[in-house]
Each structure stands twice: as C-alpha cells, then as structure tokens.
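All remarks here apply to the structure that follows.
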Amino acid sequence: MLDDTDRRILRQLLADPALATSDLAERAGVTQATCWRRLERLAESGVIQARQAVVDWRALGYGVEVSLRFTLDKTNPRAFDEFLSAARDVPEVVGIETFLGRVDVRLTIIARDMQHYQGIYRESILTLPHISDIEALMLIATIKDSAGLPL
Amino acid sequence: MIDLDDLDRAFLRDLSRDGTLSAGELGRRHGLSQPAAWRRVKRMEDAGILNGQRVLVDRAALGFGVTVFLGIKLATKGRVSLEDFERAVTAIPEVQVVQHVLGLFDYRLRVVARDIADFERVLRRRIMTLPGVGQVEANVLLTEEARPGPLG
C-alpha cells in the first residue's frame with residue numbers, strides 16, 4: 001500500500017519527471033536513500049510502469065499534428081481489432097486511444113506539413129477498414145501537458 | 001534541424017521505450033563506445049529532439065480509475081475569453097492536458113478522476129463553471145497506446 005511518503009515522491013516526480021533523485025528527495029522532504037528505496041519499490045509493484053524519453057516531433061520536422069476521431073461500423077464484430085491492427089501499421093500514427101462515448105477510436109497523426117498530411121490521410125487513413133465516420137481536430141497549441149495526478 | 005542517421009533513430013526508439021538507458025548500455029546494444037553513444041544522445045538533446053522524460057504510472061492503482069477526454073466549444077470567442085478560459089482551465093489539478101484545436105471543438109482536455117461520481121463533480125463544479133464554456137462532449141478512455149512513430 002502507498003503511504004504519504006510514496007504519494008509525496010510521486011507527486012513531485014509526476015510534476016517534473018526529469019528530476020535527479022537527489023532533487024526529487026529534497027522536494028519530497030525525504031533522504032536520498034529513502035527516495036531510492038521508495039522508487040525501486042514503486043517500480044517493482046508496478047505503480048511506476050516506465051520512464052520514457054519524450055521525442056519532440058516538431059524538432060524532427062513534423063510540424064503538423066492532427067487528432068482524428070473515428071466512429072467505426074460496429075455491425076462487424078471484428079471492426080475494432082481489424083481497425084486497430086491496420087492503424088498500428090501506419091508509421092505516422094503516434095498514439096491510439098479507444099473510448100466509450102460518441103467516438104470509438106482516436107488516432108494522433110503527425111506530418112511534416114499539410115501536403116504530407118493530405119497524402120497520409122488519403123493513402124493510409126481513408127483506407128483503414130470499418131470506418132463509418134471521421135472528424136479531424138488540428139492541434140494549434142498545447143497549453144498544458146502534465147502527467148500530474150491530484151494525489 | 002539536424003539530420004539523423006539509422007543509429008540515431010535506433011537510439012530514439014530505445015529511449016522512447018526506456019528513458020533510463022545509459023549511454024554505455026545504448027552503445028553496447030548498437031556497437032558504439034560509451035563516449036560515442038553519449039555524444040549522439042547529447043546532440044539530440046541539444047537539438048531539442050530528446051525533450052525530457054515522461055513517467056508512466058498505474059493510475060488505477062493510485063486511485064484514479066477514470067480518464068475522460070472532453071471536447072469543449074467556447075460560447076463566446078475573442079482574445080480575452082481565450083486567455084481567461086486557458087488561465088482557469090490549466091489551474092484545475094484534475095486536468096492533465098489542455099490543447100487548443102481547430103475543428104469541431106476549440107479545446108481538448110484530458111481529465112482524471114477517482115471514479116465516475118468524482119468525474120461528475122469535476123465536470124459540474126470545475127469545468128461547466130469555466131469562463132466562456134459552451135458545448136462539452138465527453139468520451140471515457142478505455143485503452144491507450146503510444147506508438148514509436150516514423151523512426152524507421
């Protein structure tokens with residue numbers, strides 16, 4: 001079970017994931033040794049699942065990000081599986097989410113520019129199976145992006 | 001913008017799976033010395049391609065069983081209302097992500113809550129009371145998957 005110390009460490013870690021353990025310990029008000037031990041335990045118990053590097057696609061020349069929201073043709077029982085499996089084969093898809101609601105699946109697509117996006121949309125997206133409707137939201141700006149939890 | 005070769009892309013693939021890999025380990029995997037591997041990582045950090053880390057946690061184990069994406073359309077638009085809305089929405093602790101978008105909605109929010117009842121509380125007390133908020137659409141997240149992207 002988590003105690004207040006775990007929660008303090010997690011809150012600080014989620015707020016600033018790049019912190020060195022010594023800084024994290026200081027902000028959470030624990031010794032460095034305690035911080036290490038707690039982090040190990042949180043990772044072993046699966047509370048912390050992974051620490052991953054963030055790749056900035058804009059810095060790699062992918063200036064366009066579009067969120068495509070799909071409604072699938074659910075009369076086919078294999079619609080979700082086949083759609084998701086085909087979407088995984090599109091390299092410009094950087095994220096896949098499934099939902100309960102009006103939208104079934106959302107794909108995050110990146111492209112170098114609008115012309116590149118148009119090509120991906122026509123050749124790789126519209127050809128995905130079992131689509132019944134698509135809506136696009138184009139990203140203008142990310143105002144907040146945090147993994148923080150109100151712990 | 002800098003050019004990447006196949007090794008750089010392999011590094012990015014490895015690091016976007018496990019950001020804790022040391023330069024020594026990356027070098028061993030791809031047949032480079034530790035200093036050579038370190039130089040490549042450093043170069044991609046300096047170019048802003050490697051941009052910090054993210055921590056993935058088991059939200060349900062921490063008591064946050066529900067993640068909801070909200071599409072929000074503002075009722076009134078204008079520079080002032082956008083700024084007011086953005087200032088107020090980013091201050092809500094349950095709101096993890098705020099994106100300004102173009103299309104059916106003006107903003108996309110990612111909201112975490114303990115359960116559906118807690119989500120309803122956040123929606124009514126915090127979201128619906130935001131300045132200028134109009135139509136709101138909610139979709140409850142079932143699964144999410146990060147893909148490696150076009151790293152060859």
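Only the coordinates and a few stated rules stand behind these numbers; no lab work does. Fair warning: this is a prediction, and the values are worked out from it, not measured in the lab. Using ideal geometry, Cβ is built from the backbone for each residue, glycine included, and neighbour counts are taken over all protein chains shown.
With bins 10 Å wide beginning at 0, the percent of Cα pairs of the stretch A:4-44 falling in each bin runs 35, 64, 1. Percent of Cα-Cα pairs more than 19 Å apart in the stretch B:31-116, please. Result for the distance tail: 60 percent. Averaged over the residues of B:100-109, the number of partner chain Cβ atoms lying within 10 Å of the residue Cβ comes to 5. Treating cross-link reach as a plain straight distance, find the aspartates and glutamates whose alpha-carbon is under 18 Å from the alpha-carbon of residue B:42, omitting any fewer than eight places away in the same chain. Straight-distance partners of residue B:42: A:56, B:3, B:5, B:6, B:8, B:14, B:18, B:25. Derived scalar couplings between HN and Hα for the stretch A:75-82 equal 5, 9, x, 8, 4, 4, 4, 5 Hz in order, rounded to whole Hz, by the Karplus curve 6.51 cos²θ - 1.76 cosθ + 1.60 (θ = phi - 60°), x for Gly and Pro.
Can you tally the net charge around residue A:37? Count Lys and Arg as +1, Asp and Glu as -1, for every other residue whose Cβ sits under 15 Å from the Cβ of residue A:37. Write out the running numbers ahead of the final one.
Values: positive: A:8, A:38, A:41; negative: A:3, A:6, A:40, A:44.
Summing Lys/Arg as +1 and Asp/Glu as -1 gives -1.
Summary of packing: across the peptides A:104-114, A:132-142, B:14-24, A:55-65, the per-residue average of other C-beta atoms within 10 Å ranks them, highest first, as A:104-114, A:55-65, B:14-24, A:132-142. Peptide A:10-16 has a mean shielding of 2, counted as Cβ atoms of other protein chains within 10 Å of each residue's Cβ.
Partner lysines whose Cα lies under 24 Å from the Cα of residue B:73, excluding those fewer than 8 positions away in the same chain, are identified as A:144. Once backbone amide H atoms are built at 1.01 Å from N, residue B:59 has no partners under 5 Å, excluding neighbours fewer than 5 places away on the same chain.
Modelled spin-label separation between residue B:116 and residue A:22, with each label point placed 7 Å from Cα along the Cα-to-Cβ direction: 5.0 nm. When the alpha-carbon atoms of the stretch A:25-151 are used, the pair Rg, Dmax equals 19.3, 58 angstrom. Any idea what diffusion coefficient chain B gets from Stokes-Einstein, in µm²/s, Kirkwood Rh on alpha carbon pairs, 10 °C, 1.306 mPa s? Estimated diffusion coefficient is 86 µm²/s. Computed from the C-beta positions of residue A:86 and residue B:5 and an R0 of 35 Å, the FRET efficiency is 0.75 to the nearest 0.05. Scanning chain B for DSSP H helices at least 15 Å long along the axis (C-alpha atoms) with a Kyte-Doolittle mean no lower than -1.0 picks out B:6-17, B:79-90. Rg ratio for the stretch B:66-140: its Cα radius of gyration over 2.2 N^0.38 Å, N being its residue count, equals 1.01.
Seen from residue B:148, the other residues with C-beta closer than 9 Å to its C-beta sum to a net charge of +3, counting Lys and Arg as +1 and Asp and Glu as -1. Per-residue ellipticity at 222 nm from helix content only, as computed over chain B with -39500 (n - 2.57) for each DSSP H run of at least four residues, stands at -10000 deg cm²/dmol. Remark: relative contact order (the stretch A:30-141) = 35 percent; criterion is Cα-Cα distance under 8 angstrom and separation of 6 or more residues.
Net charge within 13 Å of residue A:76 by Cβ-Cβ distance, Lys/Arg positive one each and Asp/Glu negative one each, not counting residue A:76 itself? Here the count lands on -2.
When only Cα pairs below 8 angstrom with a gap of at least 6 residues are kept, chain B shows a relative contact order of 27 percent.
Three semi-axes describe the equivalent ellipsoid of the stretch A:1-96; taken as square roots of 5 times the Cα gyration tensor eigenvalues and ordered largest first, they are 38, 19, 11 Å. Relative contact order of the stretch B:66-140: 52 percent, from C-alpha pairs under 8 Å at least 6 residues apart in sequence.
About its Cα centre, how strong a charge dipole does the stretch A:1-144 have in debye, to the nearest 20, once Lys and Arg get +1 and Asp and Glu get -1 at the Cβ? Spell out each step's value before the answer.
On the way: 18 positive and 21 negative charges, 62 e Å.
Using Cβ point charges on Lys, Arg, Asp and Glu, the stretch A:1-144 gives about 300 debye.
Of all aspartates and glutamates in the structure, the ones whose alpha carbon falls short of 20 Å from that of residue B:77, not counting any fewer than 8 places away in one chain, are B:86, B:106, B:137.
Calculation over all alpha carbon pairs of the stretch B:6-46 in 5 angstrom steps from 0 returns a P(r) of 6, 28, 41, 23, 2 percent.
What is the percent of Cα-Cα separations in the protein assembly as shown that go past 38 Å? More than 38 Å apart: 16 percent of the Cα pairs in the protein assembly as shown. Remark: A:116, A:130 ranked as A:116, A:130, counting other beta-carbon atoms within 10 Å and listing the fewest first.
Considering only A:124, A:67, A:149, and ranking their Cα positions along the charge dipole of chain A that arises from unit charges at the beta-carbon of Lys, Arg, Asp and Glu, the one farthest toward the positive end is A:149. Shielding of peptide B:133-144 by partners, expressed as the average count of other chain Cβ atoms within 10 Å per residue Cβ, is 4.
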